[in-house]
Ligand code: 8YV
């Protein structure tokens, strides 16, 4: 109970409860005087816990000269200043694997929702249009569609397997070819020209910022659908909004945005876009498993044992 832990943001409630029962947790996000809290912890705080969306920036890290571990509740560590951590010998852990299935499931759900207009069809029934106007205008089949996956990591791989089960054709883009049966495209514009559906599943951060560019979206074209379960930063969001508004892109299913939780009003107004509040990993099962890993990494560090999932 004596070891201090700085908590950057609220966590899944049972995880936070266990963290706060085990260690002397200080809630950064509720501190009125953040500078005073950091200076109080400067000589004692060795562990920070944060989440994927919040991360931790160099201006906070630099106030904690004794820091040894940042344990992240989430697989994406793009909001953590990894360069600073590396340069100062601070270990970073995340929660890979345990969320792969849920995030891949949501990607496929968004693809189906976009192609089959699941959300618009729900509105059609609720608004009485089935009675007044008849059936929904016809939609697009998944079987046989060409699905291009941006980033064939664990989650991208899970998406590819699921799409294959739906009878889609699969290709992928990433920094390097992998030993898989699916077609590799080194050029993302080229893959987007081939694809009917483009699914972003790559990590966020500087290396992928804006890779789904205006040119990529143009190549996907007016019949194309874009799905994003990665990070808002990987797509040129103004170009995405413009493409969807002007009918130069067919549809989209989006779980992540540039400036969460703010979603551009233009996207909210578009009936053929399916929007989700960044909850790819948002099931009790997965959040419980993510919490377990986050806590076990902290415990391991305090006990002097090897970290479970170092980045
Ligand atoms: C969030 C995610 O971390 O794992 C990631 O990278 O984007 C999510 O799982 C989650 O919302 C917890 O904040």
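Bear in mind that the values in this text are calculations on the coordinates, not laboratory data. Given the structure is predicted, the values throughout are model-derived calculations rather than measurements. Here the Cβ is made from the backbone with ideal geometry for all residues, glycine too, and neighbour counts use every protein chain on show.
A few comments on the model shown:
- Proxy reagent accessibility, fewest Cβ within 10 Å first, across 32, 68: 32, 68
- Angle between the chain longest axis and helix 100-116 axis [Cα atoms, degrees, rounded to 10]: 30
- Dividing the mean sequence gap of close Cα pairs (under 8 Å, 6+ apart) by how many residues segment 167-311 holds gives a relative contact order of 15 percent.
- Mean residue ellipticity at 222 nm, helices only, the chain: -11000 deg cm²/dmol; runs of at least 4 DSSP H residues each add -39,500 (n - 2.57), and the sum is divided by the number of residues.
- Distance in nm between pseudo-label sites at residue 2 and residue 308 (7 Å out along the Cβ direction from Cα): 2.6
- Packing rank of 263-271, 141-149, where each peptide gets the mean count of other beta carbons within 10 Å, highest leading: 141-149, 263-271
- Note on 101, 259: ascending count of other Cβ atoms within 10 Å places them as 259, 101, the fewest first.
- Taken over the chain, the ratio of Cα radius of gyration to 2.2 N^0.38 Å equals 1.10.
- Summary of packing: across the peptides 121-130, 207-216, the per-residue average of other C-beta atoms within 10 Å ranks them, highest first, as 207-216, 121-130.
- Angle in degrees between helix 13-22 and the longest Cα principal axis of the chain, rounded to the nearest 10: 10
- Ordered by the count of other Cβ atoms within 10 Å of each Cβ, fewest first, 285, 255 give 285, 255.
- Ordering of 191-204, 153-166 by packing [mean C-beta count within 10 Å, highest first]: 191-204, 153-166
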